[in-house]
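A.B. asks: The structure follows.
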Amino acid sequence: MRILAIETSCDETAAAVVEAHGNTRPRFLVHSNVIASQIKVHRTFGGVVPTLAAREHTKNLTPVTRRALREARISLSRIDMLAVTQGPGLIPTLLIGTYFARMVSYLSGIPIVGVNHMEGHMYANFLHNKPVRFPVLALIVSGGHTQLVMMRRHLTYELLGETRDDAAGEAFDKVARLLNLPYPGGPEIARRAEGGNAKAYAFPRPMMHAQNFDFSFSGLKTAVRYALEGKRLNKKTVADVCASVEQAIVEVLIEKTLRALSLYQPKTVFLTGGVAANRLLRHTLAERIQEFSPRTEFYAPPVGTSTDNAAMIAAAAYMQHTRLRPPSGEVRVRGTASWKHVTPRANLPLVH
Ligand code: KG4
Ligand code: ZN
């Protein structure tokens, strides 16, 4: 099955052509994965402006989709299924993507499947075609989400915990703003942290020892603001703050993931989402899992498919199609991903 996928949940206009085979062990061949970043447009404002992002998607969607088809050397007439991100994300940008995909579907008659963006991030870890043993424990860390999720089989998820305020990526982005670093802050902080001392500032590790799998990162930016009061932002201060903040975020994420690992004993751990591109997080988590539970497999997508892309949306759409129901020609109102909430200990539904 050849899938053309579209992703516009935030500030990347993305289109991909992915060929997929198999059912119990899906195999994916990524023919093209085109991403038009809007970083330059939003940089002036220090963050993503939803209406500007929507306007950029309107400009970019046709050329990006054409390029994805051209790079894949496939014409639209040979596509079997369309896939589009339908949420969560910025409403104005999602509307542009879903309407574009619907229109392609309407004009071509190709059926379409709507995909949950978080489910897409999860399936980024299936694009490499290595065998994945269930159950999987996933740490999904992006600009909008920080979640620990158990996946006992395909398309089935239990949300163990999530952030109560800012997401990990958001914390990186907000601290970067305090340091006058450009958007997006995560990669900038990571780069500057390399020359800094991670012990220079004792920033808080919020909720690290709380008996649950929730996170809280909003206090971190306040702590950074106080630490910077009356200080001149020279190269060393910036590098030290970056290293100390990165260390604080990474430590909390790893501590909670290891705790979930010891309680749920998954066979595989996934790291995914934009913050999974962070080298300190990837390497330290891989090392700690190896020490703590050597038989547990650890996967994180390559940097290009950690951050938002459309190949992961195609993979999730394929699983929906093969496992659940054939595409109906309609964008579904809700994704199939029902993120069932469970309390970590008693497995009772949490009321949010
Ligand atoms: O998944 P993603 O591309 O978009 C959302 O779904 O939100 O994640 C974007 C987030 C941004 O907050 C960005 O700062 C962060 O991922 N990010 C990083 C790194 N690369 C991207 N954070 C830390 N270190 C990185 N190397
Ligand atoms: Zn994302």
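The values are calculated or read from the model by the stated rules, or taken from the named source; none is laboratory data. Computed from a predicted structure; not experimentally measured. Glycine gets a Cβ as well: all are built from the backbone with ideal geometry, and neighbour counts include every protein chain shown.
Quick grid of which residues meet (1) under 21 Å from the mean Cα position of the chain (by Cα); (2) among the basic types (Lys, Arg); (3) part of a strand (DSSP E or B):
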{"site": "Ile74", "(1), (2), (3)": "no, no, no"}
{"site": "Thr85", "(1), (2), (3)": "yes, no, yes"}
{"site": "Thr93", "(1), (2), (3)": "yes, no, no"}
{"site": "Ile96", "(1), (2), (3)": "yes, no, no"}
{"site": "Ile110", "(1), (2), (3)": "no, no, no"}
{"site": "Asn125", "(1), (2), (3)": "yes, no, no"}
{"site": "Phe134", "(1), (2), (3)": "yes, no, no"}
{"site": "Ala138", "(1), (2), (3)": "yes, no, yes"}
{"site": "Met150", "(1), (2), (3)": "yes, no, yes"}
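A.B. asks: Still on this structure, I have one more. Quick one: Pro50 ticks every box in (1) closer than 30 Å to Val175 by Cβ; (2) modelled with pLDDT of 95 or more bar one, so which box is it?
C.D. replies: (2)
A.B. asks: To continue, here is another question. Given the structure, is His21 farther than 17 Å from Leu127 by Cα and either of a type in the set (Lys, Arg) or away from ligand 1 (no atom under 13 Å from the Cβ) (or both)?
C.D. replies: When the stated conditions are applied, His21 does not pass them.
A.B. asks: A further question on this structure: All but one of (1) hydrophobic (A, V, I, L, M, F, W, C); (2) within 16 Å of ligand 2 (Cβ to nearest atom); (3) in contact with a Pro (Cβ under 6 Å, 6 or more places away or on another chain) hold for Leu139; which doesn't?
C.D. replies: (3)
A.B. asks: Still on this model: Going by what's in this entry, would Thr146 be described as within 16 Å of ligand 1 (Cβ to nearest atom) and farther than 17 Å from Met312 by Cβ?
C.D. replies: Criteria met by Thr146.
A.B. asks: What about Thr13, is it surrounded by 16 or more Cβ atoms within 10 Å (Cβ to Cβ), within 28 Å of Glu162 (Cα to Cα), out of contact with any Asp or Glu (no Cβ under 8 Å at 6 or more places or on another chain) and of a type in the set (Val, Ile, Thr)?
C.D. replies: Against the criterion (surrounded by 16 or more Cβ atoms within 10 Å (Cβ to Cβ), within 28 Å of Glu162 (Cα to Cα), out of contact with any Asp or Glu (no Cβ under 8 Å at 6 or more places or on another chain) and of a type in the set (Val, Ile, Thr)), Thr13 does not qualify.
A.B. asks: Can you name the residue in segment 157-173 that is in a strand (DSSP E or B) and within 16 Å of ligand 1 (Cβ to nearest atom) and is also surrounded by the most Cβ atoms within 10 Å (Cβ to Cβ) among such residues?
C.D. replies: Result: Thr163.
A.B. asks: While we're looking at this one, here's another question. Which one is farthest from ligand 2 (Cβ to nearest atom) among residues in segment 260-288 that are closer than 15 Å to Ile140 by Cβ and among the polar types (S, T, N, Q)?
C.D. replies: Thr268
A.B. asks: Quick one: in segment 312-326, of everything that is assigned to a loop (DSSP other than H, G, I, E, B) and either near ligand 1 (Cβ under 10 Å from one of its atoms) or in contact (Cβ under 8 Å) with a residue 24 or more places away in the chain (or both), which residue is farthest from the chain's Cα centre (by Cα)?
C.D. replies: Out of the qualifying residues, it is Pro326.
A.B. asks: Being in contact with an Asp or Glu (Cβ under 6 Å, 6 or more places away or on another chain) and part of a loop (DSSP other than H, G, I, E, B), is that true of even one residue in segment 188-195?
C.D. replies: Looking for residues that are in contact with an Asp or Glu (Cβ under 6 Å, 6 or more places away or on another chain) and part of a loop (DSSP other than H, G, I, E, B), one finds none in segment 188-195, hence no.
A.B. asks: Using the structure shown, decide if Leu280 is within 13 Å of ligand 1 (Cβ to nearest atom), part of a helix (DSSP H, G or I) and in contact (Cβ under 8 Å) with a residue 40 or more places away in the chain.
C.D. replies: Considered against the rule, which asks whether it is within 13 Å of ligand 1 (Cβ to nearest atom), part of a helix (DSSP H, G or I) and in contact (Cβ under 8 Å) with a residue 40 or more places away in the chain, Leu280 comes out as yes.
A.B. asks: Pull out all pairs, ordered by first then second residue, where Cβ-Cβ is under 6 Å, the residues are six or more apart or on different chains, the first lies in segment 141-158 and is in contact (Cβ under 8 Å) with a residue 40 or more places away in the chain, and the second is assigned to a loop (DSSP other than H, G, I, E, B) and among the hydroxyl-bearing types (Ser, Thr, Tyr).
C.D. replies: From segment 141-158, the pairs are Leu155/Thr336.
A.B. asks: So, one more: For residues that are among the aliphatic types (A, V, I, L, M) and within 16 Å of ligand 2 (Cβ to nearest atom), scanning just segment 101-128, find the one that is surrounded by the fewest Cβ atoms within 10 Å (Cβ to Cβ).
C.D. replies: Result: Leu127.
A.B. asks: Tell me which of these Ala176 doesn't satisfy, since it passes every other one: (1) over 23 Å from Glu255 (Cα atoms); (2) away from ligand 1 (no atom under 14 Å from the Cβ); (3) at pLDDT 95 or above.
C.D. replies: (2) is the only condition that Ala176 fails.
A.B. asks: Still on this structure, I have one more. Regarding Asn309, is this residue at pLDDT 95 or above, within 14 Å of Ala168 (Cα to Cα), among the polar types (S, T, N, Q) and within 16 Å of ligand 1 (Cβ to nearest atom)?
C.D. replies: No; evaluated as a whole, the condition is false for this residue.
A.B. asks: Can you tell me which condition Lys267 does not meet? The list is (1) touching a residue at least 12 places away in the same chain (Cβ under 8 Å); (2) within 25 Å of Asn197 (Cβ to Cβ), and all the others hold.
C.D. replies: Only one criterion is unmet by Lys267, namely (2).
A.B. asks: Pairs, please: C-beta under 9 Å, at least 6 apart or cross-chain, first residue within 10 Å of Ile6 (Cβ to Cβ) and in segment 93-108, second surrounded by fewer than 17 Cβ atoms within 10 Å (Cβ to Cβ) and among the basic types (Lys, Arg)?
C.D. replies: Close Cβ pairs satisfying both conditions: Ile96/Arg55.
A.B. asks: Here is a further query. Are any of the residues in segment 83-90 hydrophobic (A, V, I, L, M, F, W, C) and either in contact with a His (Cβ under 8 Å, 6 or more places away or on another chain) or away from ligand 1 (no atom under 16 Å from the Cβ) (or both)?
C.D. replies: So far as segment 83-90 goes, yes, one or more of its residues are hydrophobic (A, V, I, L, M, F, W, C) and either in contact with a His (Cβ under 8 Å, 6 or more places away or on another chain) or away from ligand 1 (no atom under 16 Å from the Cβ) (or both).
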